[in-house]
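The next block holds one structure in the form of structure tokens; read it before the comments.
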Amino acid sequence: QLQASGGGLVHAGDSLRLSCAASGRTSVSYGAMAWFRQAPGKEREFVALVRWGNGATRHADSVKGRFSISRDSAKNTVYLQMNSLKPEDTAVYYCAARIYYSVRYFAAEEYGYWGQGTLVTVSS
């Protein structure tokens, strides 16, 4: 089970940190965990990924330099630090996990485990 939290209403330029806590099947059993987002009327898109074993990360071009994904093994939690937020970052953010890393890590259909989503609203 994945539990996402940390969303809210902020102004452009502000920062937020999202958390995704894994319970039940612990995150140690996951090969990779990721964040996706879905804006109203748009498809779900990849934001960032962290490989649990070696900590390697991937970020979408649209968030590189502003967002950073990390993991805390002791807490079975993945974080998404979001800085310099823009109105176009407004979306419901979902955490996702899969057992093994996939080279198609950017594709939502590759993930079998999803959190419930947390809303991030960035006002201009």
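The values are calculated or read from the model by the stated rules, or taken from the named source; none is laboratory data. Nothing here was measured: the structure is a model prediction, and the numbers come from that model. Here the Cβ positions follow ideal geometry from the backbone for every residue, glycine too, while neighbour counts run over all protein chains shown. Accessible surface areas use protein heavy atoms only, side chains included; no ligands, DNA or RNA. Shrake-Rupley method; radii C 1.70, N 1.55, O 1.52, S 1.80 Å.
Quick notes on this structure:
- For residue 17: the one exception among (1) farther than 21 Å from residue 109 by Cα; (2) surrounded by 14 or more Cβ atoms within 10 Å (Cβ to Cβ); (3) in contact with a strand residue (DSSP E or B) (Cβ under 6 Å, 6 or more places away or on another chain): (2)
- Filtered by the rule that a residue be crowded, with 17+ Cβ neighbours inside 10 Å, touching a Gly at 6+ places or on another chain (Cβ under 9 Å) and of a type outside the set (Phe, Trp, Tyr), segment 66-81 gives 71, 80.
- Pick from segment 20-38, criterion within 12 Å of the chain's Cα centre (by Cα) and either farther than 16 Å from residue 80 by Cα or small (Gly, Ala, Ser) (or both), ranking: surrounded by the fewest Cβ atoms within 10 Å (Cβ to Cβ): 21
- Residue check for residue 105: touching a Leu at 6+ places or on another chain (Cβ under 6 Å), surrounded by 16 or more Cβ atoms within 10 Å (Cβ to Cβ), assigned to a loop (DSSP other than H, G, I, E, B) and touching a residue at least 40 places away in the same chain (Cβ under 8 Å): yes
- If the condition is being more than 18 Å from residue 121 (Cβ to Cβ) and part of a strand (DSSP E or B), then segment 66-90 contributes 68, 69, 70, 71, 72, 77, 78, 79.
- Of all the listed residues (35, 52), the sole one being within 20 Å of residue 105 (Cα to Cα), at pLDDT below 95 and either of a type in the set (Phe, Trp, Tyr) or in contact with a helix residue (DSSP H, G or I) (Cβ under 6 Å, 6 or more places away or on another chain) (or both) is 52.
- Some residue of segment 50-63 being open to solvent by 20 Å² or more (accessible area, probe 1.4 Å) and within 20 Å of residue 124 (Cα to Cα): yes
- Subset of segment 91-102 [in a strand (DSSP E or B) and of a type in the set (Ser, Thr, Tyr)]: 93, 94
- Residue 41 passes every criterion in (1) at negative phi; (2) loosely packed, with under 14 Cβ neighbours inside 10 Å; (3) out of contact with any helix residue (DSSP H, G or I) (no Cβ under 7 Å at 6 or more places or on another chain); (4) among the small types (Gly, Ala, Ser) apart from (1).
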